[in-house]
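Laboratory data are not the source of any read-out in this text; all were calculated from the coordinates shown. Predicted model only: the values in this text are computed from it and were never measured. Cβ placement follows ideal geometry from the backbone for every residue including glycine, while neighbour counts extend to all protein chains displayed.
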Amino acid sequence: MQQTSLITGASSGIGLELARVMARNGINLVLTARREERLNQLKKELENQYSVRVHFIPLDLAKPESPQQLYNFCQKEELNIDILINNAGIGDYGLFQKNEWEKTATMIDLNMKSLTHLTRLFLPDMIQRKNGRIMNVASTASFQPGPLMSVYYATKHYVLAFSEALANEVAEHNVTVTALCPGPTKSEFQETANMQKSKLVDRLPMPDSAEVAEYGYRAMVNGKRVAVHGVMNKIMAKAMSFLPRCWVTATVRKIQERK
Ligand SMILES: NC(=O)c1ccc[n+]([C@@H]2O[C@H](COP(=O)([O-])OP(=O)(O)OC[C@H]3O[C@@H](n4cnc5c(N)ncnc54)[C@H](OP(=O)(O)O)[C@@H]3O)[C@@H](O)[C@H]2O)c1
């Protein structure tokens, strides 16, 4: 039987490319994000190219009622979600005390609360069916504190810690949880996060979202718990556990400083 995957943040970047990878692999889709026209375009593209059914529902996932609305939509359409991809997320560049509180609060609600709520809603059905996969998009930011993006790094630390613990809890039910940790990747993220001023964006050539999505999909299918994309990122993530914390934090700040 064809599987169905729910992808949040499917209107651009990594989420959009994950939708393409899933469709190529014959997986039906439920897509969500705020920009309805983009979701509609993607539905047309994927249904034209592949033998898959694509549903979409435009939602602002930072709103507290949205996860339940998404779950109700799937129930109403009789869509069993075999694969949940919690990908939607935003960042915000700058000093914490100068950043706009509204955006900081939205980031916390989107990156952590909606991801956790969606997992809480869809997981019991997976456990009951004794089958399911969850992939939460974390980041290489999950492994250390990040001055000049302090809240973003902290939200991604949460995503990693939550995913690893949950993977342990649900393994006995044949449900896997993968934390995908991309490094800086070409997408709309840098613009949304006002990162054009950061040195980080010019530091290294960035992989594109399609490459990261393909890597994440493979890692998820293989049931990998923590999937760090890229060799250098893997080395850095490992190194964080034994390097002095103060030095690491100061170095991240230097890398993130304005150009
Ligand atoms: N790009 C990077 O360098 C990088 C590195 C590590 C991790 N990540 C993580 O990768 C994930 C995907 O980011 P990306 O790089 O693909 O960035 P992106 O191109 O900006 O995509 C973000 C997606 O999230 C959706 N979104 C934003 N706010 C939303 C809201 N309030 N409600 C519902 N959907 C919302 C956006 O859709 P709408 O605007 O249409 O709502 C869009 O589809 C994020 O969790 C990000 O933290 C990115």
Take every Cα pair under 8 Å in the range 1-139 that's 6+ residues apart, average their separations, divide by the length, and report that relative contact order as a whole percent. 25
Proxy exposure order for ASP208, ASP109 (fewest C-beta within 10 Å first) is ASP208, ASP109
Filter the GluC sites (Glu not before Pro) in the range 165-259 to those in DSSP coil with at most 16 other Cβ atoms within 10 Å of their Cβ, and list the result. GLU188, GLU257
Distance from the Cα centre of the range 214-237 to that of the range 23-53, in angstrom? 25
Computed over the chain: relative contact order in percent, which uses C-alpha pairs under 8 Å that are six or more apart: 19
Amide H of PHE56 versus every other amide H placed in the peptide plane: which residues, excluding those fewer than 5 positions away on the same chain, fall under 5 Å? LEU31
Semi-axes of the range 168-259 from the Cα gyration tensor (sqrt of 5 times each eigenvalue, largest first, whole Å) come to 28, 19, 11
Helix-only estimate, please: 222 nm mean residue ellipticity of the chain, summing -39500 (n - 2.57) across DSSP H runs of length 4 or more and dividing by its residues, to the nearest 500. -14500 deg cm²/dmol
With equal scatterers on the alpha carbons only and no solvent term, can you work out the Debye log10 of I(q)/I(0) for the range 84-224 at 0.12, 0.18 1/Å? -0.50, -1.03
Please report, in whole Å³, the volume per residue of the convex hull around the C-alpha atoms of the range 56-129. 91
Just want to confirm a number: the relative contact order over the range 10-68, from Cα pairs under 8 angstrom separated by 6+ residues, in percent. 34
Dimensionless Rg/Rh of the chain, both radii on Cα and Rh by Kirkwood, sits at 0.96
DSSP loop (so not H, G, I, E, B), at most 11 other Cβ within 10 Å: list which trypsin sites (Lys or Arg not before Pro) in the range 6-67 pass both filters. none
Show me the GluC sites (Glu not before Pro) within the range 1-107 that DSSP assigns to loop and that have at most 15 other Cβ atoms within 10 Å of their Cβ. GLU65, GLU77, GLU78, GLU100
Give a residue-ordered list of calculated ³J(HN,Hα) values for the range 249-256 (Karplus: 6.51 cos²θ - 1.76 cosθ + 1.60, θ = phi - 60°; whole Hz; x for Gly, Pro). 5, 5, 5, 4, 4, 4, 5, 8
For each of MET240, MET195, MET232, MET135, count neighbouring Cβ atoms within 10 Å of the residue's Cβ, then give the residues from fewest to most. MET232, MET240, MET195, MET135
Got a sec to turn the phi values of the range 136-142 into Karplus ³J(HN,Hα) couplings, 6.51 cos²θ - 1.76 cosθ + 1.60 with θ = phi - 60°, whole Hz, x for Gly and Pro? 9, 7, 9, 5, 5, 5, 5
Tabulate in residue order the Karplus-calculated ³J(HN,Hα) for the range 83-96, using 6.51 cos²θ - 1.76 cosθ + 1.60 with θ = phi - 60°, rounded to whole Hz; enter x for Gly and Pro. 10, 10, 10, 8, 10, 4, x, 9, x, 8, 8, x, 5, 3
Cα centroid distance between the range 55-80 and the range 141-202, in Å? 23
